[in-house]
1. Are there DSSP H segments in the chain that both extend 20 Å or more along their axis (alpha-carbon positions) and score a mean Kyte-Doolittle hydropathy of at least 0.5? List them, or say none.
2. Note down the magnitude of the dipole of region 37-79 about its Cα centre, charges +1 on Lys and Arg C-beta and -1 on Asp and Glu C-beta and zero elsewhere, to the nearest 20 debye.
3. So how far, in whole Å, is the C-alpha centre of region 189-247 from the one of region 92-115?
4. Give the shape of the chain as rounded, prolate or oblate, defined through the alpha-carbon gyration tensor: a ≥ b ≥ c are the square roots of its eigenvalues, a/c under 1.5 means rounded, and otherwise the shape is prolate if a/b is larger than b/c and oblate if not.
5. What dipole magnitude, in Debye to the nearest 20, does the chain give about its Cα centre under +1 on Lys/Arg Cβ and -1 on Asp/Glu Cβ?
6. Note down the net charge around MET159, summing +1 for each Lys or Arg and -1 for each Asp or Glu among other residues with Cβ under 14 Å from its Cβ.
7. Once you charge only the Cβ atoms, +1 for Lys and Arg and -1 for Asp and Glu, what is the size of the charge dipole of region 12-151 about its Cα centre, to the nearest 20 debye?
8. How do ARG204, ARG74, ARG175, ARG21 line up, fewest other C-beta atoms within 10 Å first?
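Coordinate-derived values only; no laboratory data. Since the model is a prediction, treat every value here as computed from it, not as a measurement. All Cβ positions, even for glycine, are placed from backbone atoms using ideal geometry, and neighbour counts span all protein chains on display.
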Amino acid sequence: MTDAIYPDLDGKLVVVTGGGRGIGLATVLRFIGQGARVVVLDLAGNADIDAEFIEVDVTDAGAVASAADTLTARLGAPDVVLNAAGIVRSASAEVMSAEDWTRVIDVNLSGTFHVCQAFGRHMLAAGRGAIVNIASMSGTVSNFPQKQVSYNASKAGVMHLTKTLAGEWADRGVRVNSVSPGYIATDLTAALLEREPELGEVWRERTPTGRLGTPDEVASIILFLASEASSLMTGSDVIADGGYTVW
Ligand code: NDP
């Protein structure tokens, strides 16, 4: 994949949650390639990337707010925030534990809200910025026979959270959009395949392109939504699923 197509990202301050691995990491590398200064908020750092790391669990609203206030006091309000932190737990609805329900909603939905709110306040005060939330095609389709009711509900929530914030903040210069990937080759899907290898064939059969996407392909869309190239877009969800949801 080639870089250098969004000159306006050069020198921008970009905050990425979940930037230590997977889609978040691929996007961090692409932002760095555009000349952006990147700060990663994650549970664990990644020594291989040239980005500042702040250890934060996005479910901890106080820690997220403190990170946002400290960072902004030091470097100014971020220009871009990407919410890529996310987890999945699989179990059929009738047996899913309360812990698995709550943790997934806490990380994927509440965590995204805490980050949008904490950094969004500073972006609103600065009168500019772009937030990109990673939802999922699972926010639109149930993905049966996979059993991930908490994940699906959390991602539908992320899509609607995105639209609501976009409406509230559009006239103050802050855009909020989401991207909904299909199956992407990361540790998250690798763990699902390890538990149920037969899923690989199901995914390929149901995806018209016949393959998993790469983190870099999702990163391309995130960069577009973060840049001025998408200046008219807010409250949009961009589906990147190899056609999975056309059925
Ligand atoms: P990975 O599991 O590869 O990476 C997830 C990242 O999120 C890790 O860096 C992880 O940190 C971090 N993280 C998890 N929980 C927290 C937390 N509480 N606070 C801060 N950081 C946290 O996932 P993907 O790259 O595959 O997924 C990224 C996003 O894309 C997720 O929101 C996921 O739901 C979504 N998505 C993924 C798809 C896919 O097929 N892979 C499809 C559709 C959507 P650590 O390394 O420390 O655990």
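1. Going by DSSP H runs, the hits are 61-75.
2. Using Cβ point charges on Lys, Arg, Asp and Glu, region 37-79 gives about 180 debye.
3. 21 Å
4. Values: a/c = 1.62, a/b = 1.42, b/c = 1.14.
Prolate, since a/c reaches 1.5 and a/b exceeds b/c.
5. 480 debye
6. Counting the neighbours of MET159, the net charge comes to 0.
7. 460 debye
8. Ordered by Cβ neighbours within 10 Å, fewest first: ARG74, ARG204, ARG21, ARG175.
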